[in-house]
Amino acid sequence: MDAPALRLEPWTDADLALLRLINTPEMRQHVGGPESEERMLVRHRRYLDFVPSGIGCMYRVVLETEDVPDGVSRAVDVGSVGYAERAWQGGTVYEMGWNVLAPHRGRGIAAAAARAAVEAAARTARHRHLHAFPSVDHPASNAVCRKAGFTLVGETDFEFPPGRWMRSNDWRVDLGALTGA
């Protein structure tokens, strides 16, 4: 399957609408369920602060579509992907997460977006490793990790959201190997 024609655009205040589409029982079933409006607004502000604070970057995933009746290409927001610093096993690493809206799943969008965000994280040269921690019970997200070039480190107990522990797979990308560092 060819990689979809997509681009990552840095998160803006206008992306609160996209975050609301992601904050549903279906989209958040593996990460503790939907958040309250207040918690979602806190998340949105945190995403907006990733770049100014230097801890990472959140992106809107935009798909270029050409399968429309009039043959005109259009840009469609299909999800999010991002990375941010977190303490992990005595050091600081990047942690990555992603979401693809239901109508756009199964087309390789999440893996392509994750690969693009991994490349962006590698260019920062801030951290050697980037991790993703999908639930062991979430085969689709674990498949995204495999397809995006992550290496499975093993299972771990992982707290997400804060106060909720889940059994996760620890997937890792060596960012230094991508940049030759």
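Quick rundown of the values:
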| read-out | value |
| --- | --- |
| Volume of the Cα convex hull of segment 101-181, divided per residue and given in Å³ | 107 |
| Along the chain, longest interval not containing exposed trypsin sites (Lys or Arg not before Pro), exposed being DSSP loop plus at most 14 other Cβ atoms within 10 Å | 1-104 |
| DSSP H segments from the chain that extend 20 Å or more along their own axis, Cα-based, with Kyte-Doolittle mean of 0.5 or above | 109-124 |
| Solvent exposure of segment 19-176 as accessible area per residue, Å², 1.4 Å probe | 50 |
| Computed lengthening from Glu64 to Val136, 0.36 nm per intervening residue step minus Cα-Cα distance | 22.7 nm |
| From the C-alpha gyration tensor of the chain, square roots of 5λ in Å | 24, 20, 17 |
| Whole-percent carbon and sulfur share, accessible surface of the chain, 1.4 Å | 52 |
| Residue-averaged [θ]222 nm for the chain, counting only DSSP H segments that reach four residues, each worth -39500 (n - 2.57) | -9000 deg cm²/dmol |
| q = 0.19 Å⁻¹: log10 I(q)/I(0) that the Debye formula gives for segment 134-181, counting C-alpha atoms only | -0.65 |
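The values are calculated or read from the model by the stated rules, or taken from the named source; none is laboratory data. None of these values were measured; they are calculated from a predicted model. Positions of Cβ are backbone-derived with ideal geometry, glycine not excepted, and every protein chain shown enters the neighbour counts. Remember, those area values only see protein heavy atoms, side chains included, never the ligands or the DNA or RNA. Shrake-Rupley method; radii C 1.70, N 1.55, O 1.52, S 1.80 Å.
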